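Novice: Let me give you the structure first, and then I'll get to my questions.
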Amino acid sequence: MGAITPTFENSYADFGWRRSIQQVKHHLQQRSDTETHMRALLDQVKIAETRMVAHNDGKPIANMDILEIGPGQGLERATYFGRNNHITGLDTDIIARGLEWQSYLQMLRTNGLGRVAKTLGREILSNRPNRAAWRKLLGVKKLNFPDAMYGNICDIVPRANHYDMVMSWSVFEHVSDPAVAIDHVLAALKPGGIFYISLHLYTCNNGHHDMRSFTGDESLPLWGHLRPDQAHLIKPSAYLNEWRLPQYRALFAEKTGGDYEEVLEKFEHPEVYGPMLKGSLREELADYSEDELLTVNAIYIGRKK
Ligand SMILES: C[S@@+](CC[C@H](N)C(=O)[O-])C[C@H]1O[C@@H](n2cnc3c(N)ncnc32)[C@H](O)[C@@H]1O
């Protein structure tokens, strides 16, 4: 593991004990649905893989050296692609691979007791049943965990000109400087290497990352974080750079000379949330395009020249 100073003092996310208990309750309620949930995730990962293959001249994603930025604790994508590739995970939190005690000791030193307690709780309540379902769905006895590297993509280039692919899900909305992060992604790629960056767009209904909106609480005001008179009701659970769609578009256009693909994943947003975007609410949100309000994940895919 690299000895790298983190940018965030404690951890990228901090949502207090009350919200943690709410999260635990939500995990317990969801346990009966673990397999359905993991199957849906697998479908998503396979869709991502199809897009990657298209950018790899139709060749499979195999025998590659891959860097995943911010794999978090679930490690589903890393272990999916880890079946036939070598994966390194770079994260500002210590990556706990199962119940490996060394990871927890390092997490205690780096991120504090609160983070250890939450990660251990999540490992036992959620990650273990999820991983059992994931192994079953992938048809493997054992998951290949990634090599873990501790660090911030805005501070380092993990290995220059080394990786065949750099991939990331739900991380770029948390980085302090997406332009520097992309420079480091491109520097880490070999010429011709692929980047696949999926980010949770700040301007979507739950782009504020208030933990309540991820744990079944539907009491929050719609797009509350974008509405000055409602914003006080929203409590983001993580650092967010608040970047908007035009900023990402301009950034990727600049860094790739315009040679990139953008995919806007909207899931249930157009059907469920689209019809709510009318009247005075739509007027209040007049500064935002429909794409900005209804896109959950914006995905940028391309190759280093
Ligand atoms: C919302 S979680 C996403 C985890 C996983 N990718 C997923 O989709 O389930 C964001 C992850 O990115 C990591 N992260 C945030 N900022 C980062 C940075 N600047 N460099 C590397 N990792 C970062 C966090 O520690 C966390 O594990």
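The values are calculated or read from the model by the stated rules, or taken from the named source; none is laboratory data. What you are looking at is a predicted structure, and each value in this text was computed from that prediction instead of being measured. Glycine gets a Cβ as well: all are built from the backbone with ideal geometry, and neighbour counts include every protein chain shown.
Novice: Which residue, of R128, R115, is within 15 Å of the ligand (Cβ to nearest atom) and among the basic types (K, R)? Break it down stepwise before answering.
Specialist: Working: R128 fails: within 15 Å of the ligand (Cβ to nearest atom).
Result: R115 is the single residue among R128, R115 that is within 15 Å of the ligand (Cβ to nearest atom) and among the basic types (K, R).
Novice: Of the conditions (1) without any contact (Cβ under 8 Å) to a residue 60 or more places away in the chain; (2) more than 20 Å from the chain's Cα centre (by Cα), A96 fails just one. Which one is it?
Specialist: (2)
Novice: Just to be sure I understand the filter: pairs with C-beta atoms under 7 Å, separated by 6 or more residues or on different chains, first member in the range 153-168 and in contact (Cβ under 8 Å) with a residue 24 or more places away in the chain, second member hydroxyl-bearing (S, T, Y) and assigned to a strand (DSSP E or B). Which pairs pass?
Specialist: That search, which allows pairs on different chains as well, returns P158/T88; M165/Y196; M167/Y196; S168/S198.
Novice: Still on this model: Looking at T110 and the list (1) closer than 30 Å to E261 by Cβ; (2) within 12 Å of the ligand (Cβ to nearest atom); (3) hydroxyl-bearing (S, T, Y), which single condition is not satisfied?
Specialist: Condition not satisfied by T110: (1).
Novice: Residues of the range 221-263 being more than 13 Å from T203 (Cα to Cα) and of a type in the set (D, E, K, R), which ones?
Specialist: Within the range 221-263, D229, K235, R249, E254, K255, D259, E261, E262 meet the criteria.
Novice: So which of A78, A48 ends up being within 12 Å of the ligand (Cβ to nearest atom), more than 21 Å from S126 (Cβ to Cβ), hydrophobic (A, V, I, L, M, F, W, C) and at pLDDT 95 or above? Give the derivation first.
Specialist: Details: A78 fails: more than 21 Å from S126 (Cβ to Cβ).
When all the criteria are applied, what remains is A48.
Novice: Filter the range 258-287 for residues that are assigned to a helix (DSSP H, G or I) and in contact (Cβ under 8 Å) with a residue 60 or more places away in the chain; which is farthest from V185 (Cα to Cα)?
Specialist: First pass over the range 258-287, keeping only residues assigned to a helix (DSSP H, G or I): 269-276, 279-284.
Narrowing further to those that are in contact (Cβ under 8 Å) with a residue 60 or more places away in the chain: 269, 273.
Numbers: H269: 30, Y273: 34 Å.
The extreme case among them is Y273.
Novice: Which numbered condition in (1) closer than 22 Å to I153 by Cα; (2) surrounded by fewer than 20 Cβ atoms within 10 Å (Cβ to Cβ) is the only one that L201 fails?
Specialist: It fails just one condition, (2).
Novice: Kindly provide the set of residues from the range 218-242 that are within 13 Å of the ligand (Cβ to nearest atom) and not hydroxyl-bearing (S, T, Y), ordered by number.
Specialist: Selection gives P236, A238, L240, N241.
Novice: If I filter the range 189-217 down to residues being β-branched (V, I, T) and under 23 Å from K46 (Cβ atoms), which single residue comes out as farthest from the ligand (Cβ to nearest atom)?
Specialist: Narrowing the range 189-217 to residues β-branched (V, I, T): 194, 197, 203, 215.
Next, from what is left, pick out any that are under 23 Å from K46 (Cβ atoms): 194, 197.
Numbers: I194: 17, I197: 11 Å.
The residue in question is I194.
Novice: Looking at (1) hydrophobic (A, V, I, L, M, F, W, C); (2) out of contact with any Pro (no Cβ under 7 Å at 6 or more places or on another chain); (3) not in a helix (DSSP H, G or I), which is the only condition F252 fails?
Specialist: With respect to (1) hydrophobic (A, V, I, L, M, F, W, C); (2) out of contact with any Pro (no Cβ under 7 Å at 6 or more places or on another chain); (3) not in a helix (DSSP H, G or I), F252 is out only on (3).
Novice: Does D57 count as more than 16 Å from the ligand (Cβ to nearest atom), at positive phi and over 16 Å from the mean Cα position of the chain (by Cα)?
Specialist: In short, yes.
Novice: I want to confirm something. Restricting to the range 62-75 and keeping residues that are surrounded by fewer than 22 Cβ atoms within 10 Å (Cβ to Cβ) and over 21 Å from N297 (Cα atoms), which single residue is farthest from the ligand (Cβ to nearest atom)?
Specialist: Result: N63.
Novice: Taking the range 121-152 as the search range and keeping residues that are part of a loop (DSSP other than H, G, I, E, B) and without any contact (Cβ under 8 Å) to a residue 12 or more places away in the chain, which one is farthest from K304 (Cα to Cα)? Please lay out each step first, then the result.
Specialist: Of the residues in the range 121-152, the ones part of a loop (DSSP other than H, G, I, E, B) are 139-146, 151-152.
The next check asks that each one be without any contact (Cβ under 8 Å) to a residue 12 or more places away in the chain; those that pass are 139, 141-142.
Numbers: G139: 34, K141: 36, K142: 33 Å.
So the residue we want is K141.
Novice: Right, E49: charged (D, E, K, R) and part of a strand (DSSP E or B) or not?
Specialist: Values: charged (D, E, K, R): yes; part of a strand (DSSP E or B): no.
No; evaluated as a whole, the condition is false for this residue.
Novice: Tell me, which residue of the range 288-305 that is touching a residue at least 60 places away in the same chain (Cβ under 8 Å) and in a loop (DSSP other than H, G, I, E, B) is surrounded by the fewest Cβ atoms within 10 Å (Cβ to Cβ)? Spell out the reasoning first.
Specialist: Just the residues of the range 288-305 that are touching a residue at least 60 places away in the same chain (Cβ under 8 Å), to begin with: 288, 292-305.
Within this subset, residues satisfying the condition of being in a loop (DSSP other than H, G, I, E, B) are 288, 295-296, 304-305.
Details: Y288: 18, T295: 25, V296: 19, K304: 19, K305: 10.
Across the range 288-305, the extreme among qualifying residues is K305.
Novice: Being modelled with pLDDT of 95 or more, part of a strand (DSSP E or B) and either farther than 16 Å from G89 by Cα or away from the ligand (no atom under 11 Å from the Cβ) (or both) is true for just one of V166, V180. Which residue is that? Before you say what the answer is, go through the steps one by one.
Specialist: On the way: V180 fails: part of a strand (DSSP E or B).
Unique residue meeting the criteria: V166.
Novice: Could you list, in sequence order, all residues of the range 60-93 that are of a type in the set (D, E, K, R) and not in a strand (DSSP E or B)?
Specialist: If the condition is that a residue be of a type in the set (D, E, K, R) and not in a strand (DSSP E or B), then E76, R77, R83, D93 are the ones that fit.
Novice: Have a look at G274, G258 and point out the one that is loosely packed, with under 15 Cβ neighbours inside 10 Å and at positive phi. Even if it seems obvious, please write down each step before you answer.
Specialist: Numbers: G274 fails: at positive phi.
The conditions single out G258.
Novice: Still on this structure: Going by what's in this entry, would D147 be described as surrounded by 20 or more Cβ atoms within 10 Å (Cβ to Cβ) and within 15 Å of the ligand (Cβ to nearest atom)? Show your work before the answer.
Specialist: Details: surrounded by 20 or more Cβ atoms within 10 Å (Cβ to Cβ): no; within 15 Å of the ligand (Cβ to nearest atom): yes.
The answer is no for D147.
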